[in-house]
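Asks: Have a look at the structure that comes next, please.
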Amino acid sequence: MKSFKQYFFEAINKPKIIMVGGPGSGKSTYSEIITKKLNIPHIYTGDMLRQLAKTNTPEGKQVKQLLDDGKFAPIGITFNVVKERLSKPDAKDGYLFDGFPRNVEQAERMVRENIDHDYVINLEVSEEEIIKRLTKRGREDDTPEIIKKRLAVYHKETKPLLDYYKNDIINIKAEGGTPEEIANKIIEKVKI
């Protein structure tokens, strides 16, 4: 039987979480577990933009071209997709952003657009562990050299974001346990 505190947290006080972490840090894996346990939507802008790119709309065609060229979608289109998703009833009380915002410009725009958050979870994983995880996937572009380049870009983009959120960050060591154990550590940090 649930305690009143558990019921209150689950029914009334659902968190609004931003999940930050480099490639191979486990953002999506932990997000899937957390969103199921807390009954909040997993908002993954990468997937939403890939879905938009499959449509025959002017925005869809533009996003497809940019993604095909290895570029990011424009901030305006990204925010249109996010705001549309947040307008759905299941996102009214809480949600988890997976890898969004990705830079300070997007974080500042979130403030202007009144998109709030309660927690910023920063997944800390050693470079050795990231290389180990990503090379296990067996993708052609997951070589140690390419992974190191992606990590360098991530650190360049994300360091300012972590500084921007410095008062809100909860650092989580995201290695040395099962995905379930690490997700549970995060849940404990965001519960009342």
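Asks: Please report the accessible area of residue 151 (heavy atoms, 1.4 Å probe, ligands and nucleic acids excluded) in Å², nearest 10.
Replies: About 10 Å², rounded to the nearest 10.
Asks: Work out how much length residue 50 to residue 113 would gain on full extension: take 0.36 nm times their residue separation and subtract the Cα-Cα distance, in nm to one decimal.
Replies: Numbers: separation 63, 0.36 × 63 = 22.68 nm, distance 2.28 nm.
So the extension gain works out to 20.4 nm.
Asks: In Å and whole numbers, how far do the C-alpha atoms of the chain stretch along each principal axis, longest first?
Replies: 51, 40, 29
Asks: Go through 54/189; 88/191; 54/185; 14/148; 54/136 and tell me which ones have a Cα-Cα distance over 32 Å in this structure. List each step's numbers first, then the result.
Replies: On the way: 54/189 37 Å; 88/191 24 Å; 54/185 36 Å; 14/148 36 Å; 54/136 29 Å.
Over 32 Å Cα-Cα: 54/189; 54/185; 14/148.
Asks: Once the whole set of protein chains is in place, how much accessible area is left on residue 93, using a 1.4 Å probe, in Å² to the nearest 10?
Replies: 70
Asks: Still on this structure, I have one more. Taking 0.36 nm per intervening residue step and subtracting the Cα-Cα distance, what contour gain separates residue 29 from residue 150 on full extension?
Replies: 41.6 nm
Asks: Here's another thing I want to ask about it. Could you do me a favour and compute the accessible area per residue for region 1-156, 1.4 Å probe, result in Å²?
Replies: Roughly 58 Å² per residue, with all protein chains present.
Asks: Kindly state, to the nearest 0.05, the FRET efficiency for residue 167 paired with residue 80, given R0 = 41 Å and r defined as their beta-carbon distance.
Replies: After rounding to 0.05, the efficiency reads 0.90.
Asks: Using DSSP to call loops (not H, G, I, E or B), can you name the trypsin sites (Lys or Arg not before Pro) in region 88-160 whose Cβ has at most 12 other Cβ atoms within 10 angstrom?
Replies: Listed in order of number, the matching sites are 92, 139.
Asks: Would you pull out the residues with amide H under 5 Å of residue 16's amide H, same chain only if 5 or more places away, H placed 1.01 Å from N?
Replies: 95, 118, 119
Asks: To make sure I understand the rule: partners must be aspartates and glutamates, Cα under 20 Å from the Cα of residue 149, and not fewer than 8 residues away in the same chain. Which ones qualify?
Replies: By straight Cα distance, residue 149 reaches 68, 69, 124, 127, 128, 129, 140, 141, 157.
The values are calculated or read from the model by the stated rules, or taken from the named source; none is laboratory data. Bear in mind that the values here come from a model prediction, so they are computed numbers and not experimental data. Glycine also receives a Cβ, built like all others from the backbone with ideal geometry; neighbour counts cover every protein chain displayed. Just the protein is used for accessible areas: all its heavy atoms, side chains included, with ligands, DNA and RNA removed. Shrake-Rupley method; radii C 1.70, N 1.55, O 1.52, S 1.80 Å.
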